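Report on the structure given below.
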Amino acid sequence: MGEKSNLYYFKDSIGNEIDVVIDEGQKLKAIELKSGATLARDYFKNLHYWQKATNQTDGGVLYDGIKNESKHGEFYAWNWKKVSDF
């Protein structure tokens, strides 16, 4: 029998989704995974939906860009190659 994971996927009945939800006990961290190297405003669309639905603002986008840990509104964007910094 394996250990219980704290990683989840979220999708509601109308198709809004979050790629990874990390349950940190007192809070949930929402992460969107994107393969693009250019950070697009659209990458944050589901995070803003998540924020309105849950009042949770912790999380951001992991993407293939050069910049690491840049803030976009209330969410961050991290280069996936530096995921250990996350």
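Points to keep in mind about this one:
- Per-region count, segment 1-47, residues part of a helix (DSSP H, G or I) and either basic (Lys, Arg) or more than 17 Å from residue 70 (Cβ to Cβ) (or both): 3
- Once segment 58-81 is narrowed to residues that are acidic (Asp, Glu) and farther than 14 Å from residue 30 by Cα, the residue that is surrounded by the fewest Cβ atoms within 10 Å (Cβ to Cβ) is 69.
- Which listed residue, of 69, 32, is at pLDDT below 90, in contact with a strand residue (DSSP E or B) (Cβ under 9 Å, 6 or more places away or on another chain) and of a type in the set (D, E, K, R): 69
The values are calculated or read from the model by the stated rules, or taken from the named source; none is laboratory data. Remember, predicted model here, so these are calculated numbers, not experimental data. Neighbour counts run over all protein chains shown; Cβ positions are idealised from the backbone, glycine included.
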